[in-house]
There are 2 protein chains.
Amino acid sequence: MSPDQTGAKAPLHGPELSTKPGDRVDVCVIGAGVSGLRAAQRLTERGLAVHVLEARDRVGGRTMGGLLCGEAVDLGGQWVGPGQTRVLALCDELGLDTYPQYAEGRRLMEIDGRVRGYTGTVPRMSLLGLADAGLAMRSLNRAARSIDPAAPWDAPDAAIWDRITMDQWMRRHLHTRGARSLMKIIARAIYTCEPHEISMLCVLGSIAGAGSIEIQAEVHGEGAQHSRIRGGAFQIAARLADRLAPGALTLNAPVHAVEQSETGVLVRHAGGALTADRLIVALPPALAAGIHFQPALPPARLQLQARMPMGSVIKALVAYERPFWRDRGWSGEAIGEQGPFGPVADATPPGSPHGFLVGFFVGEHGRAFAGLPETARRDAAVRSLCRYFGDEAAMPIGYVDKNWIADPWSQGGYAGFTAPGTLTACGRALRVPRGRIHWAGAETATRWIGYIDGAVAAGERAAEEVAELLPPVPRE
Amino acid sequence: MSPDQTGAKAPLHGPELSTKPGDRVDVCVIGAGVSGLRAAQRLTERGLAVHVLEARDRVGGRTMGGLLCGEAVDLGGQWVGPGQTRVLALCDELGLDTYPQYAEGRRLMEIDGRVRGYTGTVPRMSLLGLADAGLAMRSLNRAARSIDPAAPWDAPDAAIWDRITMDQWMRRHLHTRGARSLMKIIARAIYTCEPHEISMLCVLGSIAGAGSIEIQAEVHGEGAQHSRIRGGAFQIAARLADRLAPGALTLNAPVHAVEQSETGVLVRHAGGALTADRLIVALPPALAAGIHFQPALPPARLQLQARMPMGSVIKALVAYERPFWRDRGWSGEAIGEQGPFGPVADATPPGSPHGFLVGFFVGEHGRAFAGLPETARRDAAVRSLCRYFGDEAAMPIGYVDKNWIADPWSQGGYAGFTAPGTLTACGRALRVPRGRIHWAGAETATRWIGYIDGAVAAGERAAEEVAELLPPVPRE
């Protein structure tokens, strides 16, 4: 036990320890998101001394709780799907239940200023557009099947796909306006960037990690948006943190520098320093770029960290007296290229008398609103909702949002992505340990890359890496 | 005075001050490259108290001196051209002379394993290839003329050009293999990345900042490689550092965090901290990402820092008993798509009995060799030189290189570049001050972006910004 453990309190607002270089633990974890906390919890269970350093004043990373009309809501990651076995197993372990995302009724899509209802993954459009979009999605899935999501850079056509943007691919493979518009909406909704920003290999790796583009886009069936966690997904991190040893978490402790020697790793943070046998960096590569490593990280890792920016997303929830859309036979789902608010879905908490909608400002719409005050986003969201759902959407009773782009400890979301050339050149550096330094975080997952499930899996994998090197030591 | 001051002298290895939060200066400058030092020197001349913090154990940034066969050589930026009025004026001011780059005789280009001699900017190839390359260059220059290099994002067609990579543009505008090969070589040589990595708007902004693609590529006439600085370009930084106040430079002081308040800026670095009225960050955006700013930087600036990676370059010099290529009527210039070493040029110091060649591992060739030992690079360079210049190149008498990619305080070179989508979305954040924080560095230049000239101009501009806000105070 380290001398500065105060034995105090709830991890969520725990004591801010000023660790000293003399303090030595078996494993230091940087980042108290789901990935880092899962790693820390697993290692703690094995009897190792673990300390978690977190830059923010809260745990959860890209999951985060908030309040709307007195109800707990998720301001970060919230959905889980049937194929996401790791996060579902973790929820079981933590005593968290899931319930299905509300999706009864027709969806809405705005094309050219007109809103149409539809069912299924592909909206009503011309027969030609339907065929065009259908063929494109089939082509994406076929290409993704040739990719191992754990190593997209090794795919037979990796060089070809990593040389073009998704926009380039769309121009080549989509021939109708409707299909292009739909694919752009899907790209923004899933990858939180514009199609011209992201490498096609990155897109295909993401699809491969989920199974298909329909699974990524869908609520129904195997869809990644199938279920929600009762009480909020943000509870995963809180409950993991509860399972750490007392005092094993320091909040408000951004890490400035890491010095690795033959005997250990010295981690310098805003509140002090500590020494560990092993270090797990559970941050997206873009945020690991904020730490000075000594000796320097290998060139490929340095390049990766400078070439894997976070997507652009702001998440918002709008509350209404009642879920009026349900009465109209609408599911609450709405999409549109014009935005700026969308995709949208029902987010009414079970048992609530009110109706909640959740939606996103993504890609260029996210950027346009990232520097503006919340009231501007609120007005824009309500205007978009009125276009989708009619005048009944004009009178919200509550609004809350989380500007992930402006948060310096996330710098965007949902996940890091890569422009052309990066994955084939530096992708291999994602998970390769550097001496005593190991890498976690949803970006390092080999399935469900960038999802909560990927964060859990990556934390477990990093914990296993470390545990193999540090056999469990029974402690008093 | 701090306990770690060694009493040692010359700014190049100057005293490392352990500044304290109580230490207050008018202006703190982060980065002792040409840009930061120019800003610091200008402000010092105005009577302001300036302190420069540098992460490395030397000044110069992306300029750097080295030794080869007892001669001082430039391991970083080295060339200046007639249009580069700011760096030429600065050389005058510092008492540094220039001399013309050796370029007499024929150039060599390797195509499909065969080496051919040529004169002029475009090598001998089929008539069709010549026309193809010529038209493409004209088209590039025409497009660049519609761009203000100070604000490429405002160009009428900015959105179109920022949506495609240079590779996409080449596929559309180049129809012969020879021209595509030449353009790829030029892209790598000038932008130090692969054509599929860089936004066409970034390319056109760079061309606009220089005047034309020929000026960027050329030695002759107005070419950016026209002249060298006698004794080495690295002397610019050393002489600027000499003009700072004694003790005004701290080496080995990477900055971890910057806290801005209404009364000043607190700068925390590895050796301590200091307070300033104004801060100039004279780093490429990718390296500014290594500093935690409080309050957080605006979203567009955060995004820019995560989306402007450094190019990939390793610079090497190879020494021979004599400049044998000159006897054969060759200028020493050689290019080839196959690489891995090239472009190559004569680097013989005036008056030396020996012959030096300088060359680069760039783009994917740079990455391939960044993680390998120097001997591997040496062997590869010599093999490439033998293909260009014949067996006489097989027996070098010396070799030295600088792996800029692996240097954590540069993370590549020559400069930062952007993938599609970044300049139009976040380019405006390049130079906009954030309260008391101002931005310098070659990436923020409005002409000769990424060149030494741009670094000088950006330092001068930042100094002017700050000086206007801090009138000179005569000091004892």
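The values are calculated or read from the model by the stated rules, or taken from the named source; none is laboratory data. Model, not experiment: these values are computed from the prediction. Cβ atoms come from the backbone with ideal geometry, glycine included; neighbour counts cover every protein chain shown.
Restricted to the stretch B:145-170, and to residues there that are within 14 Å of chain A (Cβ to nearest Cβ) and acidic (D, E), the residue that is farthest from B:A419 (Cα to Cα) is B:D167. All of B:A208, B:A150, B:A187 fail the test of being of a type in the set (A, V, I, L, M), surrounded by fewer than 22 Cβ atoms within 10 Å (Cβ to Cβ), within 29 Å of B:Q101 (Cβ to Cβ) and out of contact with any His (no Cβ under 9 Å at 6 or more places or on another chain), apart from B:A150. Selection of the stretch B:255-296 for residues being away from every other protein chain (no Cβ under 13 Å) and under 25 Å from the mean Cα position of the chain (by Cα) yields B:L279, B:I280, B:V281, B:A282. Of the residues making up the stretch A:370-418, those that are more than 16 Å from A:A189 (Cα to Cα) and aromatic (F, W, Y) number 4. Screening the stretch A:397-416 for residues that are among the small types (G, A, S) and within 12 Å of chain B (Cβ to nearest Cβ) and picking the one that is surrounded by the fewest Cβ atoms within 10 Å (Cβ to Cβ) gives A:A406. Buried (at least 21 other Cβ atoms within 10 Å of the Cβ), over 30 Å from A:R138 (Cα atoms), touching a Leu at 6+ places or on another chain (Cβ under 7 Å) and away from chain B (no Cβ under 14 Å), is that true of A:R239? No, not satisfied. What number of residues in the stretch B:163-179 are without any contact (Cβ under 8 Å) to a residue 60 or more places away in the chain and under 30 Å from A:C193 (Cα atoms)? Result for the stretch B:163-179: 9. What pairs come up if the first residue lies in the stretch A:185-207 and is of a type in the set (F, W, Y), the second is outside any helix (DSSP H, G or I), and their beta carbons are under 8 Å apart, counting only those six or more places apart or on different chains? Hits for this filter: A:Y191/A:I198; A:Y191/A:G311; A:Y191/A:F417.
Summed over the stretch A:153-177, the residues that are assigned to a helix (DSSP H, G or I) and touching a Leu at 6+ places or on another chain (Cβ under 7 Å) give a count of 3.
Listed by position, the strands (runs of 3 or more DSSP E) inside the stretch A:55-130 whose residues that are free of Cβ contacts under 8 Å to residues at least 60 places away in the same chain and over 20 Å from A:A347 (Cβ atoms) number at least 1 are A:114-118.
Scanning the stretch A:435-444 for residues that are outside any helix (DSSP H, G or I) and under 21 Å from the mean Cα position of the chain (by Cα), we see that the one that is nearest to A:V115 (Cα to Cα) is A:G441. Of all residues in the stretch B:301-339, those that are out of contact with any Lys or Arg (no Cβ under 7 Å at 6 or more places or on another chain), within 14 Å of chain A (Cβ to nearest Cβ) and part of a strand (DSSP E or B) total 2.
Is it the case that some residue within the stretch A:401-423 is farther than 30 Å from B:S312 by Cα, free of Cβ contacts under 8 Å to residues at least 24 places away in the same chain and polar (S, T, N, Q)? Within the stretch A:401-423 (the criterion being farther than 30 Å from B:S312 by Cα, free of Cβ contacts under 8 Å to residues at least 24 places away in the same chain and polar (S, T, N, Q)), the answer is no, since none of the residues qualifies.
Which number in (1) within 14 Å of chain A (Cβ to nearest Cβ); (2) closer than 17 Å to B:I207 by Cα marks the one condition that B:R142 misses? With respect to (1) within 14 Å of chain A (Cβ to nearest Cβ); (2) closer than 17 Å to B:I207 by Cα, B:R142 is out only on (1). Mind telling me which of the residues A:A419, A:A394 ends up being touching a Cys at 6+ places or on another chain (Cβ under 7 Å) and either surrounded by 23 or more Cβ atoms within 10 Å (Cβ to Cβ) or more than 14 Å from chain B (Cβ to nearest Cβ) (or both)? Within the list A:A419, A:A394, the selection yields A:A394. The test for being touching an Asp or Glu at 6+ places or on another chain (Cβ under 6 Å), surrounded by fewer than 18 Cβ atoms within 10 Å (Cβ to Cβ) and modelled with pLDDT of 95 or more holds for B:R230. Checking A:R377, A:R428, A:R383, A:R434 one by one, the residue that is within 11 Å of another protein chain (Cβ to nearest Cβ) and either among the charged types (D, E, K, R) or without any contact (Cβ under 8 Å) to a residue 60 or more places away in the chain (or both) is A:R428 and no other. Is it the case that B:R180 is in a helix (DSSP H, G or I), of a type in the set (D, E, K, R) and touching a Leu at 6+ places or on another chain (Cβ under 7 Å)? So B:R180 passes the test. Of the listed requirements (1) buried (at least 23 other Cβ atoms within 10 Å of the Cβ); (2) modelled with pLDDT of 95 or more, A:A133 misses just one: (2). From the list A:R301, A:R228, which one is under 22 Å from A:A462 (Cα atoms) and under 22 Å from the mean Cα position of the chain (by Cα)? Of the residues listed, the single one that is under 22 Å from A:A462 (Cα atoms) and under 22 Å from the mean Cα position of the chain (by Cα) is A:R301.
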